[in-house]
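Below are the structure tokens for one structure; questions will follow.
The values are calculated or read from the model by the stated rules, or taken from the named source; none is laboratory data. Here the structure is a predicted model, which means the values were calculated and not measured. Note that each Cβ is placed from the backbone with ideal geometry, even for glycine, and that neighbours are counted across all protein chains shown. With ligands, DNA and RNA removed, areas are computed over all heavy atoms of the protein, side chains included. Shrake-Rupley method; radii C 1.70, N 1.55, O 1.52, S 1.80 Å.
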Amino acid sequence: MNETTTIKTSRVQHGLMANAIRALSMDAVEKANSGHPGMPMGMADVATVLFTRHLKFDPHWPEWPDRDRFVLSAGHGSMLLYSLLYLTGYEEMTIDQIRNFRQLGAHTAGHPEFERSLGIETTTGPLGQGLATAVGMAIAERHLAAKYGSEAVDHFTYALAGDGCLMEGISHEAISLAGHLKLNKLIVLFDDNHISIDGPTEISVSDDQVARFKAHGWNAFRIDGHDPDAIDAALRTAKVSDKPTMIACRTTIGYGAPKKAGTASTHGSPLGADEIAGAREKLGWPYPPFEIPEEILSAWRTAGQRSASVSKAWKAHIAQLDAGLRGAFEAALGGDLPAALDQALADHKKSISEAKPKIATRAASQNALEVINGVLETTVGGSADLTGSNNTKTSQLDDMSADNYGGRYIRYGVREHGMAAAMNGLALHGGVIPYGGTFLVFTDYCRPAIRLSALMRQRVIYVMTHDSIGLGEDGPTHQPVEHLASLRAMPNVNVFRPADSVETAECWEIALKSRETPSIIALSRQGLPTVRTDHVTENMSARGGYELRPADGAAKVTVIATGSEIEIALTARDQLQAEGIPTRVVSMPCTELFDAQDEDYRAGTLGVGTVRIAVEAAISLGWERYVGEHGAFIGMHSFGASAPAKALYEHFGITPAAVVAAAKKRL
Ligand SMILES: Cc1ncc(C[n+]2csc(CCOP(=O)(O)OP(=O)(O)O)c2C)c(N)n1
């Protein structure tokens, strides 16, 4: 794309425009009586130069796919972003929104909450997440440019990060991955103000951040973050770098506050009436709160229109692309699934029911992915260094690398948290559907990013293998016990635990079709028999739980199980039936989807008037609502142990005999 036209702002005009951000920020925080004025006041100069001279964006078209991404990783400084969005003319970010900062129902939440139409690219607040999410966006940009051409996709990703972001462990994973992949269109603006909440950063950290980034393969240097020309020059340098760039912008937190500037007291509290009056005087800003003089607002609005012609030209360019390429590009951006996918998965299910393999569900997942990745070309897979264990790579996927951004498989390395956050960035960017794997036990290492996938309603698919004590000899450090329950506790996440290859394919189908919900697919290491031996086209897993085997006769017992414990439930059923106790088995691959069914379906599936026994090789939390007061749970009550899987199931009493005994005791 053409170099965006820049508007030349004199130093005086620059100062006025930056002060508009400072005034809005300190006044909004004051009115809300809570918030963080220090960072926006400190970074106002950097943000002004970025938004008036460099950032490619169009407030009248916030969804423009080729816009530069701006990620406010230091999310507590949300008023910086809201000020910029208001000043540059995003329609929905009105002055009333600014006045209603932090109030119920306002778009101006305490920390930025993802809303593309508002120009809020991602939810931030948990420090470091934004930075790692920006890495995912920058990966998506390079990938899509390789796939659809640089005239369709060619933008920068900017992340504004503070000391806190860079102290967080996730920053290590993020910048290491970005350096390795040479994401040269990623630019980090570090608010190098030497202050965090407890006071000067020297009390807790002595890192040389510039040296640190350089060690990770970045271009990194320091500037005066209050000198517009230096900021401008730094951004120019960054934009032509062959590596990602970190600009350490030395700033004064709370710049303009006469007594509090440069101190931690401006970080997260209103400045107070006297200090605000003093700041007005010091900054030469005599205007009342929330009033931006016409000429300053108009200069900002003009800046907001800098890229309008570029966005129009982009649209025209896309319109005249070859129809096939344009269709593929638009479908990718729309996150669409090809019509052929349904049939391909139905055929796949049928072939499994006929062949009845006894394989681990992680292998079944790979088989499903082999079908999916062949039909759906927008998936981008990966694993945190467990490719062979997670079974995440399929024949269609080449490795992505600095030499091959078109590759669809990301070697995330041993960076689970960074992977999860990068997948958020990939999904938010659009054009790709990310999935990535590690062991289920290490969802703990991904959890803050999984929570953001859920909060932001992103279709991110977590392939989490080795899902119980069934993994065996690696022992209790690797055996998830509490993880299913803890992940099920998180709103807007579907936790799947399929029982065989057919359910695995069904769970994949649901995950791909869940446009606003992330999925965690928990998969076994050990081989499991095919239990869905009669082919049906209907996706039985879509209701979360369903009767897998009816009872012979009027059921007296219902055994409910998930994943690998379905085999135990079926054996127990046969034993109970042999003893004349009619028993049915319910498979429950996804409790969240089951809970969403109507009451009749739930009651009928759980078996009204039957003794209910639940079996899952994990803790009982949550199962009480299915088995009721008179039912029983067979599962884990402690951490696991290191031994072969079979010995562990015996040792922990997760056996058909235990199910039979528990049922008979309650009849
Ligand atoms: C993961 C996480 N831990 C803690 C916090 C609480 N917190 C918010 S801002 C902050 C200090 C950040 O310091 P810095 O990045 O230097 O911001 P500045 O003081 O410059 O605004 C902390 C600890 C958080 N938001 N996220």
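In region 159-263, if the dipole is taken from +1 on Lys/Arg beta carbons and -1 on Asp/Glu beta carbons about the Cα centre, which of 210, 251, 238 is farthest to the positive end?
238
Another question, then. How many angstrom lie between the Cα centre of region 175-235 and the Cα centre of region 330-386?
41
Follow-up question, since we're still on this one. Please compute the per residue accessible area over region 497-571 with all protein chains in place, 1.4 Å probe, rounded to a whole number of Å². Numbers along the way, then the final one.
Values: 2260 Å² over 75 residues.
Per-residue accessible area for region 497-571 comes out at 30 Å².
Between the DSSP loop rule and a limit of at most 13 other Cβ atoms within 10 Å, which trypsin sites (Lys or Arg not before Pro) in region 319-406 are left?
Working: sites: 326, 349, 350, 358, 362, 393; in loops: 358, 393.
Listed in order of number, the matching sites are 358.
Do any GluC sites (Glu not before Pro) in region 587-661 lie in a loop, going by DSSP, with at most 11 other beta-carbon atoms within 10 Å of their beta carbon, and if so which?
Sites meeting the loop and neighbour criteria: 629.
Just how large is the dipole of region 447-540 about the Cα centre, in debye to the nearest 20, putting +1 at every Lys and Arg Cβ and -1 at every Asp and Glu Cβ?
On the way: 10 positive and 11 negative charges, 107 e Å.
Dipole size: approximately 520 debye.
Over the Cα atoms of region 576-646, Rg to Rh with Kirkwood Rh, two decimal places?
Values: Rg = 14.2 Å, Rh = 14.0 Å.
That ratio is 1.02, to two decimals.
Report the one residue of 626, 178, 159 whose Cα lies farthest in the direction of the positive end of the charge dipole of the chain (charges on C-beta: Lys and Arg +1, Asp and Glu -1; origin at the Cα centre).
Toward the positive end, the furthest listed residue is 178.
Please report, as a whole percent, how much of the solvent-accessible surface of region 182-319 comes from carbon and sulfur atoms (probe radius 1.4 Å). If you can, show how the numbers build up before the last one.
Details: 3250 of 6190 Å².
Carbon with sulfur: 53 percent of the solvent-accessible area.
Moving to a separate point now. Compare the Cα positions of 589, 80, 297 along the charge dipole of the chain (+1 at Cβ of Lys, Arg; -1 at Cβ of Asp, Glu; about the Cα centre) and return the one farthest towards the positive end.
589
Mind giving me the FRET efficiency for residue 277 and residue 104? R0 is 30 Å, r the Cβ-Cβ distance, nearest 0.05 is fine.
On the way: r = 29 Å, r/R0 = 0.98.
So, using R0 = 30 Å, E works out to roughly 0.55.
If you fit an axis through the alpha-carbon atoms of helix 443-455 and take the longest principal axis of the Cα set of the chain, what angle between them do you get, 0 to 90°, nearest 10?
The answer is roughly 70 degrees.
With charges only on Cβ, +1 for K and R and -1 for D and E, what is the dipole size of the chain about its Cα centre, in debye, rounded to 20? Walk me through the numbers on the way to the answer.
Numbers: 62 positive and 77 negative charges, 47 e Å.
Result for the chain is approximately 220 debye, rounded to the nearest 20.
Counting only protein heavy atoms and using a 1.4 Å probe, what share of the accessible area of region 407-501 belongs to carbon plus sulfur, as a whole percent?
Numbers: 1180 of 2160 Å².
Carbon-and-sulfur percentage of accessible area, whole number: 55.
While we're here: Write down the accessible area per residue of region 161-207 in Å², having rolled a 1.4 Å probe over the full set of protein chains.
Numbers: 1820 Å² over 47 residues.
I get 39 Å² per residue for region 161-207.
Now a separate question. Where both residues lie in region 181-273, what percent of DSSP beta bridges are antiparallel, nearest 5? If you can, show how the numbers build up before the last one.
Details: 2 of 14 bridges.
Here the antiparallel bridges make up roughly 15 percent for region 181-273.
If you project the alpha carbons of region 92-248 onto their three principal axes, what span does each projection cover, largest first, in Å?
48, 43, 32
Now for a separate question. Which three numbers, in whole Å and largest first, are the semi-axes of the equivalent ellipsoid of the chain derived from its Cα gyration tensor as √(5λ)? Don't skip to the end; give the middle numbers.
Working: eigenvalues 524, 140, 96 Å².
After diagonalising the Cα gyration tensor, the semi-axes are 51, 26, 22 Å.
Residues of region 1-148: accessible area per residue at 1.4 Å, in Å²?
Numbers: 4120 Å² over 148 residues.
Computed with neighbouring chains in place, this is 28 Å² per residue.
Between region 242-309 and region 149-169, what is the separation of their alpha carbon centroids in Å?
Distance between centres, Cα-based: 22 Å.
Then there's this: When DSSP beta bridges are limited to those with both residues in region 376-533, what percentage is antiparallel, rounded to the nearest 5?
Of all bridge pairs located within region 376-533, approximately 5 percent are antiparallel.
Let me ask you something else. For the chain, what proportion of DSSP beta bridges, expressed in % and rounded to the nearest 5, is antiparallel? Please report the intermediate quantities before stating the final value.
Values: 9 of 65 bridges.
Here the antiparallel bridges make up roughly 15 percent for the chain.
Per DSSP H run of n ≥ 4, the term is -39500 (n - 2.57); total these for the chain, divide by its residue number, and report the mean residue ellipticity at 222 nm rounded to 500 deg cm²/dmol. Please list the in-between numbers first.
Numbers: 26 runs with 282 residues, N = 667.
When only DSSP H runs of four or more count, the value is -12500 deg cm²/dmol.
Mind pulling the angle between the C-alpha long axis of helix 361-375 and the longest principal axis of the chain? Nearest 10 degrees, somewhere in 0 to 90.
60
Which lysines have a Cα lying under 23 Å from the Cα of residue 214, excluding residues fewer than 8 positions away in the same chain?
182, 185, 239, 243
Hey, what angle do you get for helix 340-355 against the long axis of the chain, alpha-carbon based, 0 to 90 degrees rounded to 10?
That works out to roughly 30 degrees.
With charges only on Cβ, +1 for K and R and -1 for D and E, what is the dipole size of region 281-393 about its Cα centre, in debye, rounded to 20? Provide the component values of the computation, followed by the final result.
Values: 12 positive and 13 negative charges, 76 e Å.
With Lys and Arg at +1 and Asp and Glu at -1, about 360 debye.
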